[in-house]
Amino acid sequence: MSVEAAARSRLLSLFLAGRRVPAALAAVAVAAITLHLALYRPWNTYGALQLPLIVEAACAAAIAGTLASPFGEPERVAGSRLPFLRSTMVVGLTAAAACALAVATVGVPLSGGVAALVRNLVGFVGLGLLCAAAVGGGLAWTGPVTYLILGVYALYTQWHGPALTTPWVWPGRPGHDPGAALCAGVVFAIGLAVYTWRGARE
Amino acid sequence: MNVEAADLTRRLGRTQAVAGVTLTVDRGVYGLLGPNGAGKTSLLRMLATVLAPSSGRLRLLDGDPGDHRQCKAIRRRLGYLPQNPGYYPRFTVVDFVEYFALLKEIPAARVPRAVAAAVERVGLGDKATARLRTLSGGMLRRVGIAQAIVNDPDLLLLDEPTAGLDPEQRVAFRALLRDLGQTATVIVSTHLVEDVGAACTQVGLMDQGRIVFSGTPDELTRRGEGTDAAGDAPLERGYSAVLTEARA
């Protein structure tokens, strides 16, 4: 490895350590194991849809916990590499969480399927990113958690109408619904763009 | 000139934090004095490119900080220590300073030497591998100064850098400031007039968002001579006399 490549790798590792990414990965792993163990139990239809949603929101909240910078203004004015570091961290963590949750559902029944699981996770993370930019990294977790309440309510309305059918409330839509996937994707893309460019509000 | 500001203003909500500052500073140590709420921190944050001016003209290191590309070039040559810098407690001193060295795009081959030099300059060579959570407030302050100087900045901005330092550390820090001022523009915001007297070649006194005095420490001292201005030291009497006059 060249000296420059080693320096870039070292910068990334320091950035990730400073954002407490190892702790977030541990939380994601715990969430994935919990999901796997919980899915062995028999659930009614409502519970089987609700359970993965709670775990997805927990993973997104763990990712949101990495968005705040402990270094403040000196970091913001220290160069032009921060946007790359921010986006690498968010995309990497989201991909890791999606993989961990998908692996956790292998061999156990998952209502909605892996597509819904990934869609919901991506949307939750997008809301965390938008919250970080709007109200600060320390409160970024409030986005996924608040939306979880809406998602649980959307599932509830499928049994106790009138049902919430807008694709913007994607947890209430089936996994193969393209509109819901698009909405979750748009929220993630906008959140990622804003966070990459500006970082979390201080 | 490394800093050229003309009629610079900044409004924060309903408060006019900076109300028309005109300032030119070149190499040397410039002390920014003033009471709480005078606008020193807001001015320093604008010079650090953290805060955009509401109006006025600002040029730093012959570049325009309002232009994205020029701002990036300015930031590579800038060192900044805010009033309340953040730390990640599990980093060691070297981790912390190295992180900023890499962020500031110092050529990779030069990073280890630059980090070691910065840590030595602030007198923390023997604490290089200590975790930040184990350091005292004064030592953390010095770690913050080390990150600010690791890239040998041409413009160094320090907001209350001596807060929390003991007298021995402050004396050493003033010597460091004088040394840095040989090659760079150093702007130090402080409440402590003795720091200004000992380390600064120029001094500006801010009150209510404006610079009400600009000159040498000796000139500020002379403003207090023959007056009944409050203060235990000549420079403090000059400070009080200028403030009293500005508010009259």
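Any chance you could count how many residues in segment B:46-83 are outside any strand (DSSP E or B), under 18 Å from B:Ile187 (Cα atoms) and within 7 Å of chain A (Cβ to nearest Cβ)?
Qualifying residue count for the region: 6.
With (1) in contact with a Lys or Arg (Cβ under 8 Å, 6 or more places away or on another chain); (2) open to solvent by 30 Å² or more (accessible area, probe 1.4 Å); (3) at pLDDT 95 or above; (4) hydroxyl-bearing (Ser, Thr, Tyr) as the list, and A:Thr66 as the residue in question, which single condition is left unmet?
Going through (1) in contact with a Lys or Arg (Cβ under 8 Å, 6 or more places away or on another chain); (2) open to solvent by 30 Å² or more (accessible area, probe 1.4 Å); (3) at pLDDT 95 or above; (4) hydroxyl-bearing (Ser, Thr, Tyr) one by one, A:Thr66 breaks only (2).
Yes/no matrix, rows are residues, columns are (1) within 29 Å of B:Pro107 (Cβ to Cβ); (2) open to solvent by 80 Å² or more (accessible area, probe 1.4 Å); (3) outside any helix (DSSP H, G or I):
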site: A:Glu4; (1), (2), (3): yes, yes, no
site: A:Ser9; (1), (2), (3): yes, no, no
site: A:Val28; (1), (2), (3): no, no, no
site: A:Ala32; (1), (2), (3): no, no, no
site: A:His36; (1), (2), (3): no, no, no
site: A:Trp43; (1), (2), (3): no, yes, yes
site: A:Tyr46; (1), (2), (3): no, no, no
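Determine, yes or no, whether B:Asp195 is in contact (Cβ under 8 Å) with a residue 12 or more places away in the chain and within 14 Å of the chain's Cα centre (by Cα).
yes
What number of residues within segment A:144-157 are open to solvent by 10 Å² or more (accessible area, probe 1.4 Å) and not polar (S, T, N, Q)?
Count: 8.
Which residue out of A:Ala68, A:Ala23 is in a loop (DSSP other than H, G, I, E, B) and under 30 Å from B:Ile145 (Cβ atoms)?
The conditions single out A:Ala68.
Of all residues in segment B:209-248, count the ones that are part of a loop (DSSP other than H, G, I, E, B) and touching a strand residue (DSSP E or B) at 6+ places or on another chain (Cβ under 7 Å).
Residues flagged as part of a loop (DSSP other than H, G, I, E, B) and touching a strand residue (DSSP E or B) at 6+ places or on another chain (Cβ under 7 Å) within segment B:209-248 amount to 2.
Might you let me know whether segment A:139-161 holds any residue that is of a type outside the set (Ser, Thr, Tyr), over 15 Å from A:Glu56 (Cα atoms), part of a helix (DSSP H, G or I) and under 17 Å from the mean Cα position of the chain (by Cα)?
Within segment A:139-161, one or more residues are of a type outside the set (Ser, Thr, Tyr), over 15 Å from A:Glu56 (Cα atoms), part of a helix (DSSP H, G or I) and under 17 Å from the mean Cα position of the chain (by Cα).
For segment A:85-102, how many residues meet the condition of being of a type outside the set (A, V, I, L, M) and touching a helix residue (DSSP H, G or I) at 6+ places or on another chain (Cβ under 8 Å)?
Matching residues across segment A:85-102 total 4.
The values are calculated or read from the model by the stated rules, or taken from the named source; none is laboratory data. This is a predicted model, so every value here is computed, not measured. Positions of Cβ are generated from backbone atoms using ideal geometry, with glycine treated the same way; all protein chains shown enter the neighbour counts. When the accessible area is computed, the model is the full protein with side chains, heavy atoms only, and any ligands, DNA or RNA have been set aside. Shrake-Rupley method; radii C 1.70, N 1.55, O 1.52, S 1.80 Å.
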